[in-house]
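The values are calculated or read from the model by the stated rules, or taken from the named source; none is laboratory data. Because the structure is predicted, anything quoted here is derived from the model rather than measured. Quick reminder, even Gly has a Cβ in these numbers, built from the backbone with ideal geometry, and neighbours come from all protein chains shown.
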Amino acid sequence: MSSVPPASPVTSAAQRALTIVAAGTVLALLYFGREVLVPIVLAFFLSLLMAPWVRLYRRIGLGHGPSVLIAVLALVVTVSLLMTVIGSQMLHTVRSLPQYEATIHAKVQTLRSLTVGRLDFVRGEVGRVMDQSDGHTAPVFPTVYSGVTAAPPAAAAQTHEHTPSTPMDVMTRVVSTAWIPLQTAGIVLVVLVFVLLEHESLRDRFIRLAGGSDLRATTAAINDAGERLSRFFLSTFSVNFGVGVAVWLGLTVIGVPNAPMWGTLTAAMRFVPYVGVWLVAALVAVFAAAVVPGWELLVLTLVLYGVIELVVAQLIEPFLYGHTTGLSPLAVVVSAIFWSWLWGPVGLLMSTPLTLCLVVAGRHVKALDLLNVMLGDAPALTMPQRLYQRALSGDSEEIIGEARVFLKRKSFANYCDAVLLPAMQLARADLRQGNINREQQATVRKVIVAVVESISGESRKWARRRHRSSVLEESSIGRQLRRQREDVSGRWQGPLKVEPGSIVLCVGLGSMGDDLATEMLTRILRDLHIDARHVSAEDFAAFAAEPHPELTPNAVSIAYIVSTDPEKERADCETLASDLRHRMPDGSVIAVMLPELLTPRDPTLSSGSNLSEVAYSLEEAAQQAIARFPEGNPVAAS
């Protein structure tokens with residue numbers, strides 16, 4: 001059977017060039033076709049906002065066509081009334097500006113005297129001192145040259161004769177000014193009506209066009225995008241509407257004129273991520289400063305916006321739809337800049353939903369996975385990958401910080417199962433393939449030892465008396481950590497004269513992974529106040545060959561056999577289980593099988609004559625020990 005030859009560099013370069021050309025073509029189409037695309041995209045997004053209302057009207061008994069027309073008509077009436085209110089408020093504001101001229105002039109002079117005036121004074125003083133140091137006397141005020149008089153600029157000699165404007169001229173200017181917005185609004189309404197009328201048909205056509213034969217994946221992508229966008233629009237619209245009403249009422253109470261206009265502008269600008277609401281707050285604060293002679297109204301305005309935004313961002317938004325929309329904060333900012341460059345102010349308002357569509361596409365289309373990685377808020381690396389990468393970099397502090405955050409929600413056993421041991425499996429895979437050198441191995445060993453010493457409860461007891469061995473020695477991480485107990489409590493990690501059935505043996509089968517997993521299980525059990533001892537198979541054989549008259553009969557109640565490679569170590573596990581069963585017939589022998597990543601459990605390894613039970617995680621093994629020792633037992637004193 002012939003093998004497929006690998007792709008040549010020429011082919012890879014051609015594919016990259018084709019990708020660049022395709023991306024450039026898409027950007028060109030988005031930019032030069034914005035006059036057509038913007039109304040269509042805006043109509044599609046409005047359809048997501050109007051779809052729940054259409055469904056509501058249909059549930060009360062109206063047909064599909066009348067429901068769409070009523071929803072669109074209600075939207076047109078609402079927007080028209082809103083624009084009328086805003087227009088009248090803006091005209092009133094413009095007409096009122098001459099009344100605030102004296103206040104604005106006085107405050108500008110005050111600010112000038114506090115900033116530019118002081119700077120000019122300092123600059124003049126510095127210049128005078130420098131001139132005096134040179135032996136010259138410089139005048140304090142600028143020199144006025146005698147005989148030279150600045151001639152005033154010549155007045156315009158020409159006068160324009162104003163002819164009275166006819167009603168037709170006024171109408172022509174109004175229509176020419178409002179034609180482009182009216183044209184865009186008309187296109188949006190027409191497209192919106194047809195999108196709502198043919199909603200199901202459009203979805204089927206898109207599935208046929210994008211999915212082909214893979215209907216399941218395409219349907220999942222469309223449902224995901226629709227659910228996310230609908231939740232985003234409804235939640236954001238509701239929150240922004242509430243913020244606008246709150247600002248309207250608050251400005252009315254503190255006495256800022258034209259509060260409805262400012263409330264509406266705040267609700268609209270809050271769609272601009274992060275900075276939109278503060279731009280409006282700055283504008284309203286400047287207006288408030290021009291209304292009254294004092295500064296109290298300006299301060300109250302800023303306090304009002306700060307309190308409202310703090311309550312909404314920290315309490316209301318997390319309660320309604322969580323802290324995130326599925327986008328990373330940097331992606332939100334970059335997308336706002338990108339879409340505002342492409343499509344102007346409308347692109348700025350639609351930047352978040354447009355980018356959210358790209359993230360959903362990247363999540364379900366393998367070829368677009370780059371978009372999900374770059375723009376999504378999901379971690380680019382899994383927790384084991386992050387731990388392994390930080391360990392290679394020698395960054396133990398960041399690993400410890402993330403581990404402590406994890407341990408606030410889950411147990412140490414769960415952390416070992418979900419993060420630490422899988423990360424070590426990645427390290428062993430690289431070690432087998434020769435991808436890491438000795439220096440990197442030493443770095444990983446040093447970091448993992450530091451992490452375990454920091455997050456394990458037992459290690460804190462030995463912080464001042466632990467073994468000061470070099471991390472460059474060839475012993476495995478598990479044995480290096482076990483030596484801490486041996487340095488304090490002796491070779492057998494505690495006294496042999498104990499209460500019957502109070503000791504739990506954790507026996508590793510010898511590999512580096514087995515040693516680490518066995519040590520982790522030992523620390524987990526000792527944190528539960530269970531007298532667990534970590535020994536290897538060789539240590540157990542040596543212990544059995546030596547006389548121990550002080551040993552309490554039947555001191556061991558549970559013996560765990562830990563294997564991180566059950567497929568290769570199956571025979572060793574069965575042999576050790578037989579030996580343990582022979583030496584402790586009344587105890588429990590439990591196999592802890594921890595398979596490699598993506599390796600399924602071995603269903604054939606079940607409880608037999610020698611094994612009492614089989615556990616497939618450290619958490620499961622700890623639960624079995626808790627069932628035997630519900631209240632723990634005194635751990636051997638150091």
Original post:
Picking from Leu356, Leu420, Leu381, which residue would you name as being in contact with a helix residue (DSSP H, G or I) (Cβ under 9 Å, 6 or more places away or on another chain) and surrounded by fewer than 19 Cβ atoms within 10 Å (Cβ to Cβ)?
Top reply: Leu381
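Here's the yes/no breakdown for (1) in a helix (DSSP H, G or I); (2) surrounded by fewer than 19 Cβ atoms within 10 Å (Cβ to Cβ); (3) of a type outside the set (Asp, Glu); (4) assigned by TED's automatic domain parsing to the domain that holds Phe241:
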position: Leu279; (1), (2), (3), (4): yes, yes, yes, yes
position: Ala289; (1), (2), (3), (4): yes, no, yes, yes
position: Leu298; (1), (2), (3), (4): yes, no, yes, yes
position: Tyr305; (1), (2), (3), (4): yes, no, yes, yes
position: Glu309; (1), (2), (3), (4): yes, yes, no, yes
position: Leu315; (1), (2), (3), (4): yes, yes, yes, yes
**OP:** Answer yes if at least one residue in the range 372-394 is among the aliphatic types (A, V, I, L, M) and under 21 Å from Gly276 (Cβ atoms), and no otherwise.
**Re:** yes
Original post:
Residues of the range 396-417 being loosely packed, with under 15 Cβ neighbours inside 10 Å and either in contact with a strand residue (DSSP E or B) (Cβ under 9 Å, 6 or more places away or on another chain) or not in a helix (DSSP H, G or I) (or both), which ones?
Top reply: Lys408, Arg409, Lys410
Original post:
Checking Thr552 against (1) surrounded by 16 or more Cβ atoms within 10 Å (Cβ to Cβ); (2) touching a strand residue (DSSP E or B) at 6+ places or on another chain (Cβ under 8 Å); (3) polar (S, T, N, Q); (4) at pLDDT below 85, which test does it fail?
Top reply: (2)
Original post:
Quick one: which of Val272, Val239, Val256 is outside any helix (DSSP H, G or I), at pLDDT 85 or above and in the same structural domain as Gln314 (by TED's automatic domain parsing)?
Top reply: Val256
Subject >> Criterion (out of contact with any Pro (no Cβ under 6 Å at 6 or more places or on another chain), of a type in the set (S, T, N, Q), closer than 30 Å to Phe206 by Cα and at pLDDT 80 or above) met by exactly one of Ser393, Ser335, Ser328 >> reply: Ser335
Original post:
Tally time: how many residues in the range 494-517 are in contact with a Ser or Thr (Cβ under 8 Å, 6 or more places away or on another chain) and buried (at least 23 other Cβ atoms within 10 Å of the Cβ)?
Top reply: 11
Subject >> Those residues of the range 525-551 which are over 28 Å from Glu620 (Cβ atoms) and either assigned to a loop (DSSP other than H, G, I, E, B) or polar (S, T, N, Q) (or both), in sequence order >> reply: Glu546, Pro547, His548, Pro549, Glu550, Leu551
Original post:
Which condition number does Ala23 fail, the rest of (1) among the aliphatic types (A, V, I, L, M); (2) at pLDDT 75 or above; (3) over 30 Å from Pro181 (Cβ atoms); (4) surrounded by 13 or more Cβ atoms within 10 Å (Cβ to Cβ) being met?
Top reply: (4)
**OP:** With respect to Met350, determine if the residue is farther than 23 Å from Leu481 by Cα, more than 17 Å from the chain's Cα centre (by Cα) and surrounded by 19 or more Cβ atoms within 10 Å (Cβ to Cβ).
**Re:** yes
Subject >> Scan of the range 483-515 for residues that are within 14 Å of Tyr560 (Cα to Cα) and among the hydrophobic types (A, V, I, L, M, F, W, C), ordered by number >> reply: Ile503, Val504, Leu505, Cys506, Val507, Leu509
